[in-house]
Amino acid sequence: MCMASLAHLSADGAAAPLPSKPGVSQGVKTLIIVLCVVVGLFGFVGTMAFVFVLDKPDEPRWEKARSDMAQIHQALNRYSLDNAGAYPASLSALTSKYFPNGVPHDPFTKTVYTYRLTPGGFELVCLGKDQAVGGKEKPNIDIVFDQAGEVVP
């Protein structure tokens, strides 16, 4: 084979570029379109995951408050059994025996839960995210425990 048979010659005898193979540019276009669609779908799925899962950090806090308060409720009732039916004047009395690492704090305020003695026992309250009495839905619904358990509004 001679060199002339490998290259196309133009009218003036100079070598002309070889024509591109048909379909190569179409295949590249198709690949780019497919990649764009896939990247777009990943972006859409990521956005939905953020909106429906990661954008609600306060509901798990509300559930943690409820769980913590249930543990404090149990400790208060055990304290009462150990102390002839009397409840402590403050939650700090539970620290040494029932919560060696400290009484759990309200996840919304990072302070101790509201606790007060009542004529029948005690009341333990978390006002939720809005820190206002009431609330219609999580995480703003108040969580209230008394000596009998959780008080459901």
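Values quoted throughout were computed directly from the atomic coordinates according to the rules given, and no laboratory measurement underlies them. Fair warning: this is a prediction, and the values are worked out from it, not measured in the lab. All Cβ positions, glycine included, derive from the backbone under ideal geometry; neighbour counts span all protein chains shown.
Got a sec? Which residues in segment 111-143 would a label at Thr95 touch, if it sits 7 Å along Cα→Cβ and we count backbone N under 15 Å? Of the residues in segment 111-143, 111-113 have backbone N under 15 Å from the label point off Thr95.
What's the ranking of 74-86, 137-149 by average number of surrounding C-beta atoms within 10 Å, highest first? Intermediate results must be reported in sequence, preceding the final value.
Numbers: 74-86: 13.4, 137-149: 16.5.
Output ranking for 74-86, 137-149: 137-149, 74-86.
Using the average count of surrounding beta-carbon atoms within 10 Å as a protection proxy, the listed peptides 60-70, 95-105 rank, highest first, as 60-70, 95-105.
Please work out how much length the chain gains when fully extended from Val38 to Asn83, using 0.36 nm per residue of separation minus the C-alpha to C-alpha distance, in nm with one decimal.
Once the chain is fully extended between Val38 and Asn83, it gains 9.6 nm.
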